[in-house]
Each structure stands twice: as structure tokens, then as C-alpha cells.
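*Asks:* For reference, the structure I am asking about is given below.
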Amino acid sequence: MKKYVAEFIGTAVLVLFGCGTAAVLGTKGSEANVAYLATAFAFGLSIVAMAYSIGNISGCHINPAVSIGFLLSGKMNVKDFIGYVIAQFLGGICGAFILMSLIGKEHGLGTNGLFDSSIGKSLLIEIILTFVFVFVILGVTSKISNSAIAGLVIGLSLTLIHIFGIHFTGTSVNPARSFGPALFMGGESLISVWVFIIAPLIGGALAALCYKWLFTEIEE
């Protein structure tokens, strides 16, 4: 239960600070400005902070796409996977609720949007972004000797992914991060949120399968 509570808290923090920065500063994916970069770093630094806070408790997945990557790579059992995902979604909802209570909905809640109004393009972008993110996580956490720097590497990787991806979809790579804000914003955000749930899960699964194959080849 402590692991699930840690995942709940971590995901809530990620949504509150990451999506909150995007909403407060008025990030627009089509405009590369200070708000754009600040949002990217807010998400990355949230991961760094949580990794060194709850990493020893739950591993700091705070993302269903990461958890499915660990499940398929054999680093997690089904029971914990279900518990983690439930905790993550609840954490995302809680973080979005707190954000909405503070700033309302007029500035948005950092929701994601379809690129060029295209489901296909948005799915592809999110699959690629999530693949890279989860692939990095599986790689850097594969050796105990990397534990001291793993949180920093993962956080900077998420920052990099946001710097590239905000222009396209606002960057999800995390179903729980997308669902919470979309739930309270409603409208088009809620209608299209399935894209930002399915695509990251596919990207995470592909990263796990690819990494597992490469790792097996190296062992052999």
C-alpha cells in the first residue's frame, strides 16, 4: 500500500507542477517562448524531485506507460501493475483538481491536444515520444550502479521530450497526466483524451519489448 500511496503522491505532484506551469504561464505549442521551456523543465524537475523522494519506495513510475514497460520487461508483477495504474490515475485526478481549485479552468489545465486535428499524427508522435522515454528509463535503471544518477537522467530526458513534443501535442507520454486535466476541462479535451491514453501505453510496451530483445542479445 505504501508503494501505491507514493505513486499517487508522485503523479499528483507531476500534474500539479507540470500542467500548472503550462496553464499559469500560458504555454502554446505553436510558440517557442519562455513559457514553453519553463513547462518542459517543470515536468522534468518534477520527475527529478519525486525520483529522489519516492524512488526507494515505489521506483517512482508515476506513469502507466512506465509501469507497463516494467511489467512487460519482467520487472513488475500484474498485481502491482494494477495497483500502480489505479494510484497513478487517482493521483492525476487529484493533481488536476487541486490545480483547478487554484486557478479555475479559464486558462486551461495543461491538457493535450491533437496535432493538426489528426488522430493518426498524434498517435504516432506520442508513441515515438513515449518509446524514447520508457526506453531511457529501462536502460538507466538496469544497473544498480546507476541508481545515484537515474533520477536526474530520467528527469532531463523528460525535459528533452517536452522541448520537442510540446509543439505537436503538448506532450503527454503519460495517460494519468493527460486524463486528470481532461476530466475537469471536458469538451474536446475529454473527447480526444483516449489518444493520450492508448498511444503512451503502446509506446511503453514497444520500448519494453525492444529493450528486452536487445538485452537478451547482449546476454547471449
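*Asks:* Give me the pairs, please: first residue somewhere in segment 128-146 and under 15 Å from His61 (Cα atoms) and of a type outside the set (Gly, Ala, Ser), second residue anywhere and assigned to a helix (DSSP H, G or I) and modelled with pLDDT under 95, beta-carbon distance under 6 Å, and either six or more positions apart or on two chains.
*Replies:* Phe135/Tyr211; Leu138/Tyr211; Val140/Asn146; Val140/Ala150; Thr141/Ala150
*Asks:* Among Leu138, Leu72, Leu123, Leu102, which is aliphatic (A, V, I, L, M) and in contact with a Ser or Thr (Cβ under 9 Å, 6 or more places away or on another chain)?
*Replies:* Testing whether each residue is aliphatic (A, V, I, L, M) and in contact with a Ser or Thr (Cβ under 9 Å, 6 or more places away or on another chain) leaves just Leu138.
*Asks:* Out of segment 1-21, which residues are within 18 Å of the chain's Cα centre (by Cα) and either modelled with pLDDT under 95 or of a type in the set (Val, Ile, Thr) (or both)?
*Replies:* Val5, Ile9, Thr11, Val13, Val15, Thr21
*Asks:* Scan segment 158-168 and tell me whether some residue there is under 23 Å from Leu72 (Cα atoms) and not polar (S, T, N, Q).
*Replies:* Scanning segment 158-168 turns up at least one residue that is under 23 Å from Leu72 (Cα atoms) and not polar (S, T, N, Q).
*Asks:* Considering only helices (runs of 4 or more DSSP H) fully contained in segment 152-220, which possess at least 3 residues that are more than 23 Å from Leu25 (Cβ to Cβ) and at pLDDT below 95?
*Replies:* Output list reads 195-219.
*Asks:* Being within 18 Å of Cys210 (Cβ to Cβ) and touching an Asp or Glu at 6+ places or on another chain (Cβ under 9 Å) is the filter here, so list the residues in segment 114-173 that pass it.
*Replies:* Result: Val173, single match.
*Asks:* In addition: For Leu152, are the conditions met, namely being under 17 Å from Leu206 (Cβ atoms), more than 15 Å from the chain's Cα centre (by Cα), surrounded by fewer than 17 Cβ atoms within 10 Å (Cβ to Cβ) and not aromatic (Phe, Trp, Tyr)?
*Replies:* Taking the combined requirement at face value, the residue does not satisfy it.
*Asks:* If you don't mind, there's one more thing I want to ask. Is it true that some residue in segment 190-202 is more than 30 Å from Glu106 (Cβ to Cβ) and surrounded by 15 or more Cβ atoms within 10 Å (Cβ to Cβ)?
*Replies:* For segment 190-202, residues more than 30 Å from Glu106 (Cβ to Cβ) and surrounded by 15 or more Cβ atoms within 10 Å (Cβ to Cβ): present.
*Asks:* OK, next. Considering only segment 125-146, state which residues are charged (D, E, K, R) and either assigned to a helix (DSSP H, G or I) or closer than 14 Å to Leu71 by Cα (or both).
*Replies:* Residue satisfying the conditions is Glu126 alone.
The values are calculated or read from the model by the stated rules, or taken from the named source; none is laboratory data. Every value quoted in this text rests on a predicted model; they were computed, and no experiment measured them. In this analysis, Cβ positions are derived from the backbone assuming ideal geometry, glycine residues included, and neighbour counts consider all displayed protein chains.
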